[in-house]
Amino acid sequence: MDSEIQKIKSEIANLSIEKALNKVVFLFPEKVIFSTSFGYEDQLLTHLIASNSLPIEIFTLDTGRLFQETYSVLNITLDRYKKKISVFYPNTSNTETLLTEKGAFSFYESIENRKECCFIRKVEPLKRALSGYSVWITGIRSEQSGNRTAMQELEWDEGNKIIKYHPLLNWSFEQVKAYVNQHNIPYNSLHDKGFVSIGCAPCTRAIKDGGDFRSGRWWWEDTSKKECGLHQST
């Protein structure tokens, strides 16, 4: 797989992001999928995919605990781009068991409980969403967390048995915002209220100017590498 990834890297080296996405689609026809959570980065990529009519499937994970603003930007995005976005929900039985046995806020009680909730609401649905695809495109940027600084633009995800492509990995937050504003791309209004990383409502809050990007996620946990399990370093 390393040789396959190196081949892709050589094919997209020095290409614009639009041409790089086109090349990946050419190399893996009908096998490329993009995950969106409707933050700045994902909206930028959705814009590129839809505006260039790229045959890339788009999906999102509805955990059942999202902000109302996130659902609003989903609808605005559908109206703007007329591009299907598949929605994946948590397994009903697993979610019912979790709430029955541990209540609605077990994730506040321990890291183990939080990871259990993340697995049920995010990780398991993700595996279903990625099934059958060869390349998973994400909006990850290296400055978002300490864990992500070690990531490569193209890498192998052993857990999901898929190639991950992070076309915005080396973009700064200011570059992303400037692009979104320049192209009038719809974005989550929570960004204007200090939210830089937007996940589930009970687990996300705004951060102070200049604060760590992940400090608004699971803020009650004392750890420098906060991840839900979707994007572990490989």
Per-residue Cβ neighbour rank within 10 angstrom, fewest leading, ASP212, ASP79, ASP222: ASP222, ASP79, ASP212
P(r) histogram, all alpha-carbon pairs of region 32-79 included - 5 Å bins from 0, percent: 5, 19, 33, 26, 12, 5, 0
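I need SER3, SER215 ordered by Cβ neighbour count within 10 Å, fewest first.
Numbers: SER3 6, SER215 17.
Fewest to most other Cβ atoms nearby, the residues stand as SER3, SER215.
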Residues of type lysines that LYS177 reaches as a straight line, Cα spacing below 28 Å, ignoring anything fewer than 8 places off in the same chain: LYS9, LYS19, LYS23, LYS82, LYS83, LYS84, LYS122, LYS164, LYS193, LYS208, LYS225, LYS226
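Give the average over all directions of the projected area of the C-alpha convex hull of region 160-206, one decimal, in nm². If you can, show how the numbers build up before the last one.
On the way: hull surface 19.6 nm².
That works out to 4.9 nm².
Once whole DSSP H runs in the chain are found, which of them have Cα atoms spread over 18 Å or more along the helix axis and a mean Kyte-Doolittle score of at least 0.5? Please list the in-between numbers first.
Numbers: long enough: 68-81 (20 Å, -0.50).
Within the chain not a single helix satisfies the rule.
Since every read-out is calculated from the coordinates, none of them should be taken as a lab result. This is a predicted model, so every value here is computed, not measured. Every residue, glycine as well, gets a Cβ built from its backbone with ideal geometry; the counts of neighbours run over all protein chains shown.
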